[in-house]
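Here's the structure, in structure tokens; my notes come after.
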Amino acid sequence: MKIAGHPTLSYLPFFHRHRQTWPRCPSISPQPLSGLSSNTLTTSSLTKRVVGSLISINPKTAFQAYLETCVSLLKNFSNQGLAREGRILHAHLLKMGVSSNRYIAIKLLIMYLNCKKTLDVDRILKELGEFDIVAWNCMISAHIENGNLEGARRLFDEMPKRNEVSWTALIAGFMKFGRVDDSMWYFERNPFQNVVSWTAAISGFVQNGLNFDALKLFQEMLESGILPNEVTFTSLVRACTSLGDTGLGRSVFGLIVKTGFEHNISVCNSLITLHLRMGEVDLARMVFDQMEERDVVSWTASIDLYIKTGDLMEARRIFDEMPERNEVSWSMMIARYNQSGEAEEASKLFKRMVHNGFKPNISCLSSILSALASLEALLPGKSIHGHAIKVGIEKDVFIGSTLIDMYCKCGQTLDGRQAFDSISDRNLVSWNSMVAGYSLNGQLEEAKELFEQIPKRNIVSWNTIVAGYVQNEHCEHVLEVFNEMLLSGEIPNQSTFSSVLRACASLASIEKGRNLHGKIIKLGIQQDVFVGTALTDMYAKSGDIVSSKSVFNRMPEKNEISWAAMIQGLADNGFAEDSLILFEEMKRSARVAPTELVFLAVLFACAHCGLVDKGFQYFESMERIYGIKPRGRHYTCMVDMLARSGRLSEAEKFIEAMPFQPEANAWAALLSGCSIYKNEDMAERTARKLWELMEENSAGYILLSNIYASVGRWNDVSKVRKLMREKGLKKIGGCSWVEVRNQVHSFYCEDGCHTQSAEIYGILELLMSEMMVFQNLQS
DNA sequence: ATAGGGTTAG
């Protein structure tokens, strides 16, 4: 609401000093309970308006501003059900002689209605005259705003006379709450059919996702001789946007130009989004540039102009500099940060949004919950959950699905499941999130069971379960699930291949991997970063470093994970020097900075080249140049590096000087160095340290017993083994496997695991005897 | 009566 002759902000300090001269006003705005529940109408905005009315030279404007202030207050009281404050204001208005002003009277009516003061409602209705249709219509709107559709319908039936506004209010009201059939019942019986009622129905269809029906209704409207206006077109464009039909969008765009509505601000706003959704960034920019006037919606829509070109910084600049922001602008920016993987910034922006008095709605809350999920921030997530319960939206699909994600990413699958169960209208995202949540927390059985129950699976469901098998190291089953997926008719995408290739990498199953590579090329998705990275990794892990390099070199886009895979791959395959050369190349040319993972590969390469000093240089540069705090694994790498090169006392000093508790593997690396370089004293010390750390970790015991075994200390070996048995720790058996006719056959240390082991041993014996015969013949 | 914003898999 703009007031003519509104003073500039520089007048404000003056009035702050004289605020007490303003006649006592009933508690202007109730103090917000917390940042979240604050109302958008703040005390300062009211003061500004009152101040404006006082110093305005034009008395007519001042009076208007005064009325508007009262109306804002009434609205505020009405929304919060503050009947007492409302009564005080009513008395004030009576004294000022404006309570009979029709505009004010109607607002008073709505206030009493919302505060459920039926007696006052009846009194005002009588004062206005029972046949005041506007008053009745306002009451209907107020009921609809509160979601009380039956109340609205009752009033509609009771009212002595109805006009086109009454009918349209009901049509739009039912649409707003998803009751399309009820809405159409009134639409068909409406005696006042005009553009507005038709448009209400069309936009209602669009709001409820019935885009095609909206288009059909539009056609019917044209056939019945009613001409569309700018509002009709805005809704129509939105329908095209949701349908994603380029041809349809173009023809509607053509119709708009032909009928001369292309300069309307709302039409342009919807067109910007249409063009952006169709991938026509230039067209969208053209519409935006040619607009004569722009509003919050235009600016908000223009943020995506930069998001489409991948320029998040520029989008943020637009957001910061746009002339006005509302809750949708904030939500949009928060969502974009979250989608770009900048959850931290999203969360910062959310705090600022609440601080600035904006009320986050469902969309915004689900974005922020998603951001908190990736930050694994349980407490803030819980507080948002609490807020959602307080305002009664915890059963919403979007809120519920993001709550599942948030709780599960924080390791709380039970709470996640509770969120899943409480969603009133579950969709595929809810199901997929829950399946993902289970497999993320190692509950693969629960994940499988839930996956089976999904009513209608989509590509994400399949990818989730495939990824679940990979995460939980059931790689041998991944290919079975993948085949099942193919049989179900689902076409795999880059995400699927990324997981399945990871399984092949850990199985070192080169044949399967090559086969998948072929499928990838057939589907034309070999350009994808994730696919390229997974292929590079798979070939490297399977020992085919030539193919690995060739895939890597051909990747049109590389991220930090791609570089890490190649650097690690080279080091693993014994090309440590090449690995370090590649790392230097990455620092020179890549657009991405080295990460923890890359450094781990680099340190590993140094350890295997014996380049201790260079390793130290890299280690030291991690924090100094790149701001990456070395983790336990990096320290272990360094200990290994020193121990391998025989610099045992340095290794021991290094491990003692660590800022946090070392990994068990670090001690094990040192111990292994001790056994290679025969340092009995240090071995004894180190073994004791390892003992202390080895409380519940069977891997540590195994390391220790292996090291004892390697130096022939069999007494100690049996001591360790005995201790393990006492503690109930089971040795994880070694495993080996072969691939025969697309099926992986696994063999474990314990005999007889394979179903055909008897036959296999029979054949083995036969082969052995033949070999013996052959050997005897030769000698 | 309208336009701009939301959740899941790698």
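The values are calculated or read from the model by the stated rules, or taken from the named source; none is laboratory data. Because the structure is a prediction, the values reported are computed rather than measured. Cβ atoms come from the backbone with ideal geometry, glycine included; neighbour counts cover every protein chain shown. Please note that ligands, DNA and RNA were not included when accessible areas were found on the heavy atoms of the full protein model with its side chains. Shrake-Rupley method; radii C 1.70, N 1.55, O 1.52, S 1.80 Å.
By a 1.4 Å probe calculation restricted to protein chains, residue A:198 has an accessible surface near 10 Å², given to the nearest 10.
Each Lys and Arg contributes +1 and each Asp and Glu -1, all at the Cβ; summed about the Cα centre of segment A:144-259, the dipole is approximately 180 debye. Bridgeable lysines around residue A:348 (alpha carbons under 28 Å apart, same-chain partners fewer than 8 residues away excluded): A:308, A:359, A:382, A:390, A:395, A:409, A:629.
Keeping the other protein chains in place, figure out the carbon and sulfur percent of the accessible area of chain A, with a 1.4 Å probe.
Details: 22240 of 41700 Å².
Carbon with sulfur: 53 percent of the solvent-accessible area.
In this structure residue A:446 has an accessible area near 70 Å², from a 1.4 Å probe over the protein heavy atoms.
Shape class for chain A: prolate, because the ratio a/c of the largest to smallest gyration tensor axis (alpha-carbon atoms, square roots of eigenvalues) is 1.5 or more and a/b beats b/c.
Where does each of A:319, A:619, A:604 land when they are ordered by accessible area, with a 1.4 Å probe and the largest first?
Values: A:319 0, A:619 25, A:604 55 Å².
My answer, sorted largest first, is A:604, A:619, A:319.
Counting only protein heavy atoms and a 1.4 Å probe, chain A has 54 square angstrom of accessible area per residue.
Computed over protein heavy atoms with a 1.4 angstrom probe, the accessible surface ordering of A:289, A:132, largest first, is A:289, A:132.
With the cut-off at 1.5 for a/c, could you classify segment A:505-571 from its C-alpha gyration tensor as rounded, prolate or oblate? Cα axes put segment A:505-571 in the oblate bin. If I ignore ligands, DNA and RNA and count only protein heavy atoms, how much of residue A:383 is accessible to a 1.4 Å probe, in Å² to the nearest 10? About 70 Å², rounded to the nearest 10.
Distance between the C-alpha centres of segment A:360-381 and segment A:183-251: 35 Å, rounded to the whole angstrom.
Could you work out [θ]222 nm for chain A from helices alone, using -39500 (n - 2.57) per DSSP H run of at least four and dividing by all its residues? Round to the nearest 500 deg cm²/dmol. Let's see the in-between values first.
Numbers: 43 runs with 553 residues, N = 779.
Calculated mean residue ellipticity at 222 nm is -22500 deg cm²/dmol.
Each Cα pair under 8 Å and six or more residues apart adds its separation to the average, and for chain A the resulting relative contact order is 4 percent. Residues A:642, A:255, sorted by accessible area with the largest first, give A:255, A:642 [1.4 Å probe; ligands and nucleic acids excluded]. A straight Cα-to-Cα reach below 17 Å connects residue A:587 with the lysines A:558, A:614, residues fewer than 8 places away in its own chain not being considered. For segment A:99-161, applying the loop criterion from DSSP together with a ceiling of 10 other beta carbons within 10 Å to the chymotrypsin sites (Phe, Trp or Tyr not before Pro) yields A:131.
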